[in-house]
Structures are given as C-alpha cells and as structure tokens.
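The block underneath contains the structure these notes are about, expressed in structure tokens.
The values are calculated or read from the model by the stated rules, or taken from the named source; none is laboratory data. Remember, it's a predicted structure, so these values are computed and weren't measured experimentally. Note: ideal-geometry Cβ built from the backbone for every residue, glycine included; neighbour counts use all protein chains shown.
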Amino acid sequence: MIPVIALVGRPNVGKSTLFNRLTKSRDALVADYAGLTRDRKYGEAELAGRKYLLVDTGGISGDEEGIDSAMAGQSLLAIEEADVVLFLVDCRAGLTAADEMIAKHLRVNNKRTYLVANKVDGVNHDVAISPFYELGIGEVYPTTATHGRGVKSLMTEVLDTFPEQEENAEDDEAKGIKMAIVGRPNVGKSTLVNRLLGEDRVVVYDQPGTTRDSVYINYERNEKPYTIIDTAGIRRRKNVKLSVEKFSIVKTLQAIQDANVVVLVMDASEGIVEQDLHLMGQVIESGRALVVALNKWDGLEDEHKQYIKTELDRRLRFVDFADCHFISALHGTGVGHLYESIEKAYNSATEKLSTNHLTRILEYAVSLHQPPTINGHRIKLRYAHAGGKNPPIIVIHGNQTDKVPPHYVRYLEKTFRKALELHGTPVRIEFKSTD
Ligand code: GDP
Ligand code: GDP
C-alpha cells in the first residue's frame, strides 16, 4: 500500500502551491484529456521512484464553529486515513489562533505530523520559524513552496520512514490478476463482488484483516488465481455488521494504485455523473488497466439505454481503449463476460515488448507522418524500448524530443496501440534526448 500524506493548514498558507509542485509531473498528462473533470484535491506524486498519495484537505479559516465542524466531512476523514500529515503554517503571517486549533486537533488524534513553516523566502529564517515551536509539534521544516526550497529534503525525510516499495513478482503471480472494484456509493459494487465470487467453480480463500482499508479476497476461477480488491468491504461488513461503509476516496485511490485492472462500476439508471468522471480521471492518471461496467442495466427503458450509450460516447471518448459492459449485478447478466475483458486488459498491460518490435513500429509511424521541424531542425526519433509495465511505457530516443507537440504524442500513442493490439490499458510515451 502506498503511503497517504495529507496537507493540512488554514487557507492561504500555500497548500495548493505545494500540492501542485509535488504532483506536477502528472498534470500535463491529465490536461490532455479535454473535458475530463478531476478532483484537484487528490494526486499521485513520486520522489526518487517512491510513490505516494497526496491529499489537500482544504483550508480551515478558524472562523468556523469549533474544529470539528471546520474539519468536517471528507477533510476530517482524509486526515484520519492519512499516514502522515504535513501541517503548513505561514512564516509571513506568524503564529495564529487557527494554527493552534489545528495543532491541538492533530495532537489529540495522535497523528504523525511534520510542521512545515512555509513562505520562508524574504524573511529572517530563525526569527520567522521560532514562534512555531510553541505548537508543540516538534521540529519545524522551513520551505518556500513557490520555489521548491526545502521541499525535497522534507519529502525525503517523510518518505524514508516508510518501508521500501518492492514489487514482489513471485508473490503477485501466486495471487493472479489483482482487480479493484471501484465506484461511488450505491452503484452496486458489493452486489457485483458477490456475483463475481458466486460464479461457478470459484474457491474463495479467506484472508482476515489483511489491510486496514480495502478487503483483499483471493480466489480461484477455472483453476486460475485472482484477487479482488473490494473497496465496498462486503466481507468486512458481514463480519463486523457494519451497515454501510463510509465512501472513502483515499481507500479507493489506494485500491486503484495496488490493482492491475480496475473495474469502474457506474449506475446506468442514474447516468454518468460528475463523481464517476472524477474516479475515471484518477484511474487514467494511475495508468492502470480499465474495464467499465454500466450496472443496473436491468429494467431500463430502451430510450434510457440509448441515452446512456450516447452519454458514454460523448463523455468517455478519451477512454475509448477500455471495454464497456452493460450488466446487471443483481441478476448476474453479463457479469461473466467481465472476466474476458479483465484478462485481455491485463495481458495488454503486462505484455513483454521487444526493442526491435517497438523500433520497427516507431520507424513505420515516422515514415507515415514525420514529426515537425523546430527552428529549421526536424525532430528526430531514432529508436524505442519498453520502460515499464502496467501501464506499458514506451521510451523513445531521439533529439529535440522535448519539443514533440502533444498531437504528435497522441498520434504515436495511437499507432503503437494499434500495432501492438493493446486493449484496455493506457499507454505512456516517454522521451529521452540523445543530443
Ligand atoms: P492554500 O490556500 O493553503 O492552498 O494556499 P495557496 O497555495 O493558494 O497559496 C496562497 C498564496 O501564497 C498564493 O498567492 C501563493 O503564490 C503564495 N505562496 C505559496 N507558497 C509561497 C511561498 O513559499 N512563498 C511566498 N512568498 N508565497 C507563497
Ligand atoms: P455499493 O454501495 O456500490 O456496494 O452498492 P450495493 O451493491 O450495496 O448496491 C446498492 C443498491 O443497488 C442495492 O439496493 C442493490 O440491490 C442495488 N443493485 C445493485 N446492483 C443492481 C442491479 O444490477 N440492478 C438493480 N436494479 N439494482 C441493483
């Protein structure tokens, strides 16, 4: 499970600035999918190959009625679920009552907290940070979020406290394809999980209390191993007698991160709503393989079915690589076919790609449609090799590669996808300049 780090602090201390700086590398990618709304408050970030989830909990002004209402709802939940809190204060503004209130809340909840004194630029360092020791959090980490000063060393220190993220290939193989069943509340996730497990010849191995978050269910179907990452927590619900689980974005994001294939469940009777698109954005950003399940297809009027299909075309055009299934988890209609798409997506996402083959496809793509000329020099793309799996990363070497325009990247992506017959997985193109 990747670490979850929450940014906490009153408004204007620099949380979004820090958030944007830390998640920056992914921004360009997401911006490419026009029309995709995305929850700015959750993001993936990476430092020296170590991934983590960053959550901006929003501002707390101090004018609210008490800390509880101030940190209500998702913000409070996000803090609860975070492994570590970065508590930001503003060096220019000095220590405020709101800072003290937040500090108290964090102390009471015994959260592992790093006190970050931001906006340390242009002020006397030692004088500016000394009042914040009064908060009783301990060490004060001075930063300038706008320029990145102090940020890397802070994040290194924070991430060093987490165990190494190792890919245990052997272990993974034993448990087969890991699929996360995600979606907003009430779309039918638990019903679907039950259905998937209720299929013929499914053997479920109980694994009590594997993680604090989602429930991991190992099973075999037709003698093939699978793991469902169940964000709805049906097994836990049954055991602990919790009626409804709180919808947790953090839990959902962690499940997406840890999966090979994400099954995104939507409710066809309600249509595609904003929150579905948020989740879709997160799946795409994660690079995981994707299968879309339009649930509750039973009992819909033909006219409504047609409407949903038009909506899918219109709003999900950018995920045209993913299979879409119209199912009824309640009656089981279409559920078995999900496995076909899951297998296909997994195979595409993890296929071994040879340098030879990739380079041939690159040459073909370039011969068909040359990259543009920049300042009189044509961009040269020479060879390609695989840079990773799930998602497949294709690394292209050449010169002036930083000048390759987005439309040409999309063209390459499309050409590789077609030539490699990749289904159900995003493809990432990366460039290395050999100038
Ligand atoms: P948030 O409300 O906590 O998310 O704060 P923002 O990230 O929106 O920042 C509020 C303002 O402070 C913006 O105008 C930022 O440009 C500015 N700011 C953020 N970090 C720094 C910093 O390190 N130094 C200076 N001088 N300004 C900063
Ligand atoms: P979750 O919150 O996403 O886990 O959703 P549940 O599995 O608890 O389902 C929410 C409600 O939708 C329940 O009342 C289910 O019986 C109902 N439901 C689930 N799948 C279907 C379906 O395929 N068709 C219909 N008509 N109802 C469904």
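Overview of results
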| quantity | calculated |
| --- | --- |
| Segment 297-334, residues that are in contact with a helix residue (DSSP H, G or I) (Cβ under 9 Å, 6 or more places away or on another chain), of a type outside the set (Val, Ile, Thr), in contact (Cβ under 8 Å) with a residue 40 or more places away in the chain and not in a strand (DSSP E or B) | Arg315, Leu316, Phe318, Phe321, Ala322, Ala329, Leu330, Gly332 |
| Subset tally (residues that are over 20 Å from Val250 (Cα atoms) and at pLDDT 90 or above) for segment 54-96 | 9 |
| Residues (touching a helix residue (DSSP H, G or I) at 6+ places or on another chain (Cβ under 7 Å), within 13 Å of ligand 1 (Cβ to nearest atom) and assigned to a loop (DSSP other than H, G, I, E, B)) located in segment 106-151 | Val120, Thr143, Ala145, Thr146, Gly148 |
| Top-ranked residue in segment 86-105 [being part of a loop (DSSP other than H, G, I, E, B) and not charged (D, E, K, R); ranked as surrounded by the most Cβ atoms within 10 Å (Cβ to Cβ)] | Cys91 |
| From the options Thr350, Thr401, residue that is surrounded by 15 or more Cβ atoms within 10 Å (Cβ to Cβ), hydroxyl-bearing (Ser, Thr, Tyr) and farther than 25 Å from Val283 by Cβ | Thr401 |
| Of residues in segment 410-426 being of a type in the set (A, V, I, L, M) and touching a residue at least 60 places away in the same chain (Cβ under 8 Å), the one farthest from Tyr383 (Cα to Cα) | Leu422 |
| Hits in segment 350-401 (condition: outside any loop (DSSP other than H, G, I, E, B) and among the basic types (Lys, Arg)) | Arg360, Arg378, Lys380, Arg382 |
| Condition broken by Lys251, with the remaining ones in (1) away from ligand 2 (no atom under 16 Å from the Cβ); (2) modelled with pLDDT under 95; (3) crowded, with 20+ Cβ neighbours inside 10 Å satisfied | (1) |
| Count of segment 391-412 residues which are over 18 Å from Lys432 (Cβ atoms) and either modelled with pLDDT of 95 or more or aromatic (Phe, Trp, Tyr) (or both) | 1 |
